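One structure is given here, and the rest of the page talks about it.
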Amino acid sequence: MEEDKKQRRRQGHPLLWGGGARTEPYTHGFSNTQMMALTAVCGTLVPSLPPDGHYLADDKAVWDSSLASAAYPPVPDEVAQLMSAMCLREALTLVRMVLWLLGTRLGMPALGGARCLSWSSQFVQRFTEMSVDRREDALRWWSRETMLPPLRLFFLLVKVFCLYVFYSWFRDQTCPKV
């Protein structure tokens, strides 16, 4: 019994052991539209870096970490699962509503302003259809928004959960291959 306790102390807390690949299905209840929007937000918060230096070719770990992005599976699903387990009901309702609006052409003008307008193929673009620069600009605007506190709360919630999941997953797992 004493040896078992000593061994557990050496291993650390069970939550710090690392998760590995998930075997059971996700139960977050987010729709496909919401997950596509969440994937785009996560990919905008933590994009993959372009491999532009010759120094990256020498170190495989640095190379792999530069190609990793929070838009790659399983990060968005893990973010949704963690939010559905940890957030208050009201905050989760806000996140689901904003993600739904981001996934539709109807809600984007209210949330994105002129950033979602384009003179190309579609006049009003969904968040997933916008260029990375415009998505970054929208997230920057939401982070400073004072007139709509729920939009700022949405940004903070998604940012905290996305960065937590990505960097804890990235530390424990091998990098996703592109």
(message) Go through (1) open to solvent by 70 Å² or more (accessible area, probe 1.4 Å); (2) touching a residue at least 12 places away in the same chain (Cβ under 8 Å); (3) within 14 Å of Ala40 (Cα to Cα) for Glu129 and report which single condition fails.
(response) (2)
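Does Val160 fit the bill of being surrounded by 19 or more Cβ atoms within 10 Å (Cβ to Cβ) and either at pLDDT 90 or above or of a type in the set (Gly, Ala, Ser) (or both)?
It is false that Val160 is surrounded by 19 or more Cβ atoms within 10 Å (Cβ to Cβ) and either at pLDDT 90 or above or of a type in the set (Gly, Ala, Ser) (or both).
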(request) Output the residues belonging to region 84-93 that are in a helix (DSSP H, G or I), of a type outside the set (D, E, K, R) and under 16 Å from Thr27 (Cα atoms). (result) Ser84, Ala85, Met86, Leu92, Thr93
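I'm trying to understand the selection: among the residues of region 1-46, which are of a type in the set (Phe, Trp, Tyr) and either modelled with pLDDT of 60 or more or within 11 Å of Leu99 (Cβ to Cβ) (or both)?
Narrowing region 1-46 to residues of a type in the set (Phe, Trp, Tyr): 17, 26, 30.
Result: Tyr26, Phe30.
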(message) Being at pLDDT 95 or above and surrounded by 12 or more Cβ atoms within 10 Å (Cβ to Cβ) is true for just one of Leu49, Leu92. Which residue is that?
(response) Leu92
(request) Select from region 100-114 the residues that are surrounded by 19 or more Cβ atoms within 10 Å (Cβ to Cβ) and not in a helix (DSSP H, G or I) and list them in ascending order. (result) Gly103, Gly107
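Looking at the structure I just gave you, is Met97 in a helix (DSSP H, G or I), modelled with pLDDT of 95 or more and either open to solvent by 40 Å² or more (accessible area, probe 1.4 Å) or touching a Leu at 6+ places or on another chain (Cβ under 6 Å) (or both)? Before you say what the answer is, go through the steps one by one.
Values: in a helix (DSSP H, G or I): yes; modelled with pLDDT of 95 or more: yes; either open to solvent by 40 Å² or more (accessible area, probe 1.4 Å) or touching a Leu at 6+ places or on another chain (Cβ under 6 Å) (or both): yes.
Yes.
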(request) Among the residues of region 70-83, write down those that are open to solvent by 10 Å² or more (accessible area, probe 1.4 Å) and either among the hydrophobic types (A, V, I, L, M, F, W, C) or in a loop (DSSP other than H, G, I, E, B) (or both). (result) Ala71, Tyr72, Pro73, Pro74, Leu82
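The values are calculated or read from the model by the stated rules, or taken from the named source; none is laboratory data. Predicted, not measured: the structure shown is a model, and the values here were computed from it. Neighbour counts are summed over all protein chains in view; Cβ atoms, including those assigned to glycine, are modelled from backbone coordinates with ideal geometry. Each accessible area value is taken on the protein alone, full model and side chains, heavy atoms only, with ligands, DNA and RNA left out. Shrake-Rupley method; radii C 1.70, N 1.55, O 1.52, S 1.80 Å.
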